[in-house]
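The structure appears right after this line, and notes come after that.
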Amino acid sequence: MLKIRNLYSGYGDLTVLKGVSLHVDTGEIVTIIGGNGSGKSTLLRTVAGIVAAREGELLFDGADIAGKRPEDIVAAGCSLVPEGRMIFDAMSVKENLLLGAYTRLRGNRRLDLTAGLDTVFAMFPRLKERERQFGGTLSGGEQQMLAIGRALMAGPKLLMLDEPSMGLAPIIVKQIFDEIKKLRDAGNTILLVEQNARAALRIADRGYVIETGQMVLDGTSGELLNNNDVQRAYLGKDYRSISE
Amino acid sequence: MIYNAKYETMNREELAQLQIERLQSTLNRVYRNVAFYRESFDRSRVDISSIKSVADMVRLPFTTKDDLRASYPYNMFAVPLRDIVRIHSTTGRTGRPIAIGYTRNDIAHWSELVARVLSAAGVTEHDFVQIAFDYNMFTGGFGLHYGAEKIGASVIPSSQSGNVQRQIHIMKDYKTTVLLSAPSYALRIAANLREMGIHPDELNLKIGIFGAEAWGEPTRSKIEERLHLDAFNIYGVNEMMGPGVSGECSEKKGLHINEDHYIIEIVDPATGNPLPHGEEGELVITTITREGFPLIRYRTGDMSSIMEGTCACGRTTLRMNRVSARSDDMVAVNGINVFPGQVCEVLKKETGFEPRYQIIIDEFEGGDSLEVRIEMIENMFGDEIKKILGLKTGIAAALEREIGVTARVTFVEPMALHKTPDGRVRRVVDNR
């Protein structure tokens, strides 16, 4: 589905990603864990075309998407749920969702989006209840559901999620992650970037660990959970408690 | 049976992606965590971010046995010692030993890799697997044990120590179906069977999986004939965790390499230059999943080649030919590693000069016999038979003392030693 080789990208003089390689197969949840500023978000933003790739290969579904415009990448089937959710506060829940289908509507103004809306509402009944409410009035968890729903409206083959747990209470995080897992079980492919490594590894099939813009480890979620470095750095187990 | 179809039948392009990802993260890890590699890469001016494909690996410096010896015991470990759950080591017979550290994940991978090579030879959960390899600092016993257990077979850890007849009693009583041992040990078992008057058909052996020594097709036929089983070859290296690097499938046409964990190159032992598929050279292995003791371009000293073409068994992994010899000509004689260099040292000490010599190994009554032939030169000892006889016993005693092997020492006429096609004396003639 997604194949990345030797990817470099960054902002201005700053090179953030320094030769990153990874892949995501159809139907799996792959997570990228790493500390603050390690390049996780930059990676998703580069795949999405928001940040330009400076070097390397970016193959999505066999096609090279490096250098393509973000809307074309969405149209190709790769949607990003951005960090901080980026909900349009002054628009209703339904309007926010419809915006997610923008690239599809562009080519066909009479496209019927009812089915798409119904799918999202079936998945997140809370959004149906709040259909006419302004986005800005939703709780954090609801906004995250909305952001995911909006990305799904584009009918993506690959869904990329940037820190979906950010700012949410643990119980809400669990709900959101359960929904992400259901998405995978329904056949979706997901690339998940997360600081909450424990929550991410609980639902992911595989993962990569990124440090200062370079991959240092990969493996199944079980292997990463068993790795002492991961435990110390990302699961909050210090040297003392590791022997538990 | 294919144990892990996802990885053993992966298409080559996907495998290439997996290998480069794992190679890059291994390089990033060793550069950060192992002083030896940081210095080694910096010294050879290799920027690891310039390694963009497996083919770029040739730019990386080698890791040698001497590097590992110098790092003894822990300097090459890539994780804090508290993360290490197991330590094995080489014998150190030819120098300082090498300590090999494993994390919990390493042990899990090791089990998986061995399970694959055993499955390829046909081992299933219904088998009784007798492991006649030592369980000690050597990696063989434990590694094979984990793999067999992972498959779900009934594992009999009989070990190599103890007498052969007891081994045979276990084999008979427990109805062992799979024997795992060194090939020379299998022949000893066969010889003892005859002595004990047990016909191989009284046993239940189906499969024999042999490794830890270089052995050839003649030995395979002998073992199959005498033990009435199907014999398979496996390959491993202590420094690579142990068994599990590669193994034969039912086709018996080369050993399938576990390429999602090991990248294998063949290089010219003299120049270090990479050799194309099909050509024989030294096996160089890089680990790409290992946590505790990752090794980059490790010179194994084993001579082999990569085979061309795909295998009928359905696996897509590359195959290597059986290890024919070692770049240092080491041979195992009755389970003891003998280096020609050691023999040469003994000869120099005993004769006072460096004679032309040859080591000849034959199979003898289920074991190995070792002969050291020394070329006479004119006026070597005058004509004194007594002197020659004295020298013979002196050399034999010294070989026993210094290397631990019993050898027959003979003197031959000039030019009577076996030569290679280009006219050099072959240091080792292995007739097994």
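The values are calculated or read from the model by the stated rules, or taken from the named source; none is laboratory data. Model, not experiment: these values are computed from the prediction. Methodologically, a virtual Cβ is constructed for each residue, glycine included, from the backbone with ideal geometry; neighbour enumeration extends over all protein chains shown.
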When every residue in region B:48-67 that is of a type in the set (Asp, Glu) and touching a helix residue (DSSP H, G or I) at 6+ places or on another chain (Cβ under 8 Å) is compared, the one surrounded by the most Cβ atoms within 10 Å (Cβ to Cβ) is B:ASP67
Picked from region A:85-118 (must be surrounded by 13 or more Cβ atoms within 10 Å (Cβ to Cβ) and small (Gly, Ala, Ser)), the residue farthest from A:GLY49 (Cα to Cα) is A:SER92
Out of (1) within 13 Å of chain A (Cβ to nearest Cβ); (2) among the acidic types (Asp, Glu); (3) more than 26 Å from A:GLN231 (Cα to Cα), the one B:GLU112 does not meet is (3)
Determine if region B:169-182 includes at least one residue that is surrounded by fewer than 18 Cβ atoms within 10 Å (Cβ to Cβ), among the aliphatic types (A, V, I, L, M), farther than 30 Å from A:GLY219 by Cα and in contact with a helix residue (DSSP H, G or I) (Cβ under 8 Å, 6 or more places away or on another chain). no
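So that you can scan it fast, the table gives a plain yes or no per residue for (1) under 22 Å from B:SER161 (Cβ atoms); (2) surrounded by fewer than 21 Cβ atoms within 10 Å (Cβ to Cβ); (3) out of contact with any helix residue (DSSP H, G or I) (no Cβ under 7 Å at 6 or more places or on another chain); (4) aromatic (Phe, Trp, Tyr):
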site	(1), (2), (3), (4)
B:ASP106	no, no, yes, no
B:VAL114	yes, no, no, no
B:GLY122	no, yes, yes, no
B:HIS126	no, yes, yes, no
B:ALA132	yes, no, no, no
B:GLY143	yes, no, no, no
ask   = Any chance region B:63-70 includes a residue that's under 30 Å from B:GLU402 (Cα atoms), in a loop (DSSP other than H, G, I, E, B) and in the same structural domain as B:GLY208 (by TED's automatic domain parsing)?
value = yes
Counting only residues in region A:203-240 that are part of a helix (DSSP H, G or I), at pLDDT below 95 and more than 12 Å from chain B (Cβ to nearest Cβ), the one surrounded by the fewest Cβ atoms within 10 Å (Cβ to Cβ) is identified as A:ALA233
Query raised in the report: If you check B:GLU202 against the conditions, is it modelled with pLDDT of 95 or more and surrounded by 16 or more Cβ atoms within 10 Å (Cβ to Cβ)?
Result: no
- Task: Could you check, for region B:365-378, whether at least one of its residues is closer than 30 Å to B:GLU225 by Cα, exposed (fewer than 14 other Cβ atoms within 10 Å of the Cβ) and assigned by TED's automatic domain parsing to the domain that holds B:THR410?
- Result: yes
(message) A:THR189 - would you say it is more than 12 Å from chain B (Cβ to nearest Cβ), touching a residue at least 24 places away in the same chain (Cβ under 8 Å) and among the hydroxyl-bearing types (Ser, Thr, Tyr)?
(response) yes
Sole miss for A:ILE148 among (1) part of a helix (DSSP H, G or I); (2) modelled with pLDDT of 95 or more; (3) in contact with a Lys or Arg (Cβ under 7 Å, 6 or more places away or on another chain) is condition (3)
When (1) part of a helix (DSSP H, G or I); (2) touching a residue at least 12 places away in the same chain (Cβ under 8 Å); (3) out of contact with any Gly (no Cβ under 6 Å at 6 or more places or on another chain) are applied to A:ILE172, the one that fails is (3)
Among residues of region B:291-317 being under 21 Å from B:ILE2 (Cβ atoms) and surrounded by fewer than 21 Cβ atoms within 10 Å (Cβ to Cβ), the residue nearest to the other protein chains (Cβ to nearest Cβ) is B:THR316
- Query: Does at least one position in region A:9-26 carry a residue that is surrounded by 15 or more Cβ atoms within 10 Å (Cβ to Cβ) and either in contact with a Pro (Cβ under 7 Å, 6 or more places away or on another chain) or away from chain B (no Cβ under 14 Å) (or both)?
  - Reply: no
If we ask which residues in region B:1-34 are within 9 Å of chain A (Cβ to nearest Cβ) and of a type in the set (Lys, Arg), their number turns out to be 3
Heads up, the strands (runs of 3 or more DSSP E) in region B:276-373 (entirely inside) with at least 1 residues that are of a type in the set (A, V, I, L, M, F, W, C) and farther than 18 Å from B:PRO243 by Cα are B:331-333, B:336-338, B:357-364
Checked pairs for region B:137-161, first in the same structural domain as B:THR91 (by TED's automatic domain parsing), second in a helix (DSSP H, G or I) and aromatic (Phe, Trp, Tyr), C-beta under 7 Å and 6 or more apart or across chains, list as B:GLY143/B:TRP110; B:TYR146/B:TRP110; B:GLN160/B:TYR185
